[in-house]
Every structure is written in structure tokens, then in C-alpha cells.
Amino acid sequence: MTAPPVPEPAGVVPLAEVVRSGFTESVHLGSAVALAPDGAIAVALGGVSAPVLPRSSTKPVQALACLESGARLSGPRLAIAAGSHTGEDFHVELVTGLLADAGLGLDALRCPADRPEDEPTRHRLIREGRAPAPERMNCSGKHAAMLAACAASGWDTRAYLDPAHPLQLRVRAVAEELSGEPAAHVAVDGCGAPLFGMTLAGLARTAQRLVLAGPGTPRRAVADAMRAHPEYVGGTGHPNTTLMRALPGAVVKGGAEGVLVVALGSGHAAAVKVIDGSPRATTPIALAVLRAAGADVSGAAAFERVPVLGGGVPVGEIRALEERWA
């Protein structure tokens, strides 16, 4: 039986190249957008008005919906609700405490069992004979926050992943409010939670509105928690964590399949979608489009190139194709 042809992606352009020993080995295609502080589109590459699945880049939206639904979230707890943690012990301790304060145990989590993304922790647990567990999955902070919101509002904690559940309806409403557009598609994310599609411009707008929200508002609380506790947004050595530390005031959140959103304290914001799903070039691309939009990203100069190794030493780099965007 002949397989149907794979449709060509629409509205993608070359965004980054992989150079090895002076030879361009690969090119990443996709779309990228940068917003000026007033919300206007300053840079548009590819189909920035086409829908994407934001994947974990939408976690700050989900954290905001949980906060507005009554979950008692602040500081590290709010940061891990908006993050994709690396499964280290301090992450699991926080998730466990968040659930306990809601009167729930780890068995309430409906995210899949997984091993930690943090390599030393993963190797240690394997040596100890520990099986994969839901609390070690990178989405368990978000799931714990969702369960806390359900407990606070008196909603069913067993069906919290149903798209028709009151919490998920609230998540959708918040996503549509922040992005300024209706959900383009409803999907199931890798962790089992509902996922609402939006345009790349809408994703950048969402992060920008969190960063520029007024002090004391729930929106600003999410941004402030992420900025104050980046180790709970990612973890030890995680690119989101290290980039936020390099750019004080920034909110950074990556997602699976080559998605990244960055919003700076200046109000500039960028969103990237690499169509092949690889995340390896997303940070250089985001920094390049922010710089093209007039933002100061000089503090993150070390992140503008990703080394390409040969025999364990750098022999090239992954870099944005910004000279082709003029």
C-alpha cells in the first residue's frame, strides 16, 4: 500500500545553519517573530500567523489559570507550575509538598511515569533500582498545580485532564485572552493535558503580556516567580534556566518540537518554531530576532552560537542565518 504524500510545510524559511569544519552540514527551517514593546510585529520570518502547537511554552498560561482558579501558588511553587523541571530531588520535594497541602498524594498525578531529565539524578536512581515515576516527569509541577486548583475550587481531581473540565475550560479562556485569538486547534500534549493551538505571533504576545502586566496582578505574579526562581522553570544546566540568568528580567520557556518563547523586561518578545522539531537552534534564533527588533541581548552573547563537536572539541557551530533576513 502506497503511503499518502507528506504535505509540505507552509510559510517556513531558513532560520539557522549547522556548520562543521567550514561546511554547512544542515539547515533548520521554520518561522520566527519578534514584537516591539508596544506589541507591534517588528520582525516576521515565515508563517508567523499560522497556527502552531505551543507545547510546554504554554505552561505559564496554565499556571496563570491555576492561580486564578484558587491554587495557592507563589514563589518556587508558581515557577514550577509554569516550568518544565529536570526531575531533581528539590523539584520532587516541591511537587510533593504542593500536593500534600491540597490534601493529595503523588498518586493523584495523571502525567506519565518518567525518568529525570537531569543526568546525574537519572543515573543515581537507575543505580538505586528506582523505576520511572510521574513526579520525576518534567510536567509534574504543572499537574500538581492543576490538582491544587481543582481541590481549591471543589472540582473533580480525577478528571482534571478532560478538555471539558472546568479547569481546562479556564486554561483555554486564559490562553485566548492572552494571545488575543481563539484556540486554533485542541490537541493532547505529551503529558496528557489539553493543548490549545495559537499562532506564533499569539505565543509571543502571550509572554509579552505576562512580562508587562502591572505589579500585584496574577499575570505579573507568574512572570515574577519565573524570573526569581529560574531553577524551577528548568533545572541545573537547563537552557531556559541559564538564559534567564543571563538576561535578568526575561521570561524564557521552551516547548517540545522546536518551540521557544522569550519575553524581555524591556517588553520585546520573540517566539520560534523550528519545523523539524529540533530545539538545538531555537535559542540562537530567538536571540537573533530579538536583536533585529532592537532589543539588547548582549548579556546572552554566549548563547548566540552552539558548538558543533568533532572528537570532543569544537569544530564548528550552530548559528542563526540573520544575514539572510535583511
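Think of each Lys and Arg Cβ as +1 and each Asp and Glu Cβ as -1; about the Cα centre, that makes the dipole of the chain roughly 240 debye. A Förster distance of 35 Å, applied to the separation of the beta-carbon atoms of Asp89 and Thr217, puts the FRET efficiency at 0.60.
Most tightly packed first, judged by the mean number of other beta-carbon atoms within 10 Å of their residues, the peptides 228-241, 182-195, 121-134 read 228-241, 182-195, 121-134. Once the 1.4 Å probe is applied to the protein heavy atoms, region 208-294 comes out at 32 Å² accessible per residue. Taking a virtual spin label 7 Å from the Cα of Arg158 along the C-beta vector, which residues in region 104-131 bring their backbone nitrogen under 18 Å of it? In region 104-131, the label zone of Arg158 (backbone N under 18 Å from the point 7 Å along Cα→Cβ) covers 104-111.
If R0 is taken as 22 Å, the Cβ-Cβ distance between Val13 and Ser278 corresponds to a FRET efficiency of 0.90.
Run the accessible area of region 159-198 with a 1.4 Å probe and give the carbon-and-sulfur part as a rounded percent.
60
Against the longest alpha carbon principal axis of the chain, how many degrees, from 0 to 90 and to the nearest 10, is the axis of helix 89-101 turned? Orientation of helix 89-101: about 40 degrees from the principal axis.
For region 5-105, with all protein chains in place and a probe radius of 1.4 Å, 58% of the accessible heavy-atom surface sits on carbon or sulfur.
Here the extension length gained between Ile126 and Phe23 equals 33.1 nm, from 0.36 nm per residue of separation less the Cα-Cα distance.
Note: relative contact order over the chain, using C-alpha pairs below 8 Å and six or more positions apart, is 24 percent. What shape does region 198-300 have by the C-alpha gyration tensor, where a ≥ b ≥ c are the square roots of the eigenvalues, rounded means a/c under 1.5, and otherwise prolate means a/b greater than b/c and oblate the rest? Rounded, because the longest to shortest axis ratio a/c is under 1.5.
Bridgeable lysines around Lys273 (alpha carbons under 20 Å apart, same-chain partners fewer than 8 residues away excluded): Lys59, Lys253.
Relative to the globular-protein estimate of 2.2 N^0.38 Å, the Cα radius of gyration of the chain stands at 0.98. Here the label points at Glu317 and Ser49, each 7 Å from Cα along the C-beta direction, are separated by 3.5 nm in the simple model. Defining a contact as two alpha carbons under 8 Å apart and six or more residues distant in sequence, what relative contact order in percent does region 173-326 show? So the answer I get is 14 percent.
Name the most mobile residue of Val289, Val19, Val52, meaning the one with the largest mean-square fluctuation, in a Gaussian network model of the chain with Cα contacts below 10 Å. Most flexible of the set in this elastic network: Val19.
Given the Cα-Cα distance of Leu106 and Ile41 and 0.36 nm per residue of separation, how much length would full extension add, in nm?
19.1 nm
The share of C-alpha pairs in region 88-204 whose separation exceeds 21 Å stands at 45 percent. Would you mind pulling out the separation of the Cα centroids of region 106-131 and region 14-91, in Å? Measuring centre to centre over Cα atoms gives 24 Å. Oblate is the label for region 23-92. Its Cα gyration tensor axes, ordered a ≥ b ≥ c, give a/c of at least 1.5 and b/c at or above a/b.
Using a ≥ b ≥ c from the Cα gyration tensor of region 254-315 (square roots of the eigenvalues), is it rounded, prolate or oblate, where a/c under 1.5 gives rounded and otherwise the larger of a/b and b/c decides, a/b for prolate? Taking the square roots of the gyration eigenvalues as a ≥ b ≥ c, region 254-315 is oblate.
With a simple spin-label model that places each label point 7 Å from the Cα along the Cα-to-Cβ direction, the separation between Glu119 and Ala302 comes to 1.7 nm.
The values are calculated or read from the model by the stated rules, or taken from the named source; none is laboratory data. Because the structure is predicted, anything quoted here is derived from the model rather than measured. Every residue, glycine as well, gets a Cβ built from its backbone with ideal geometry; the counts of neighbours run over all protein chains shown. For the accessible areas, the whole protein counts, side chains as well, though only heavy atoms, and no ligand, DNA or RNA atoms are used. Shrake-Rupley method; radii C 1.70, N 1.55, O 1.52, S 1.80 Å.
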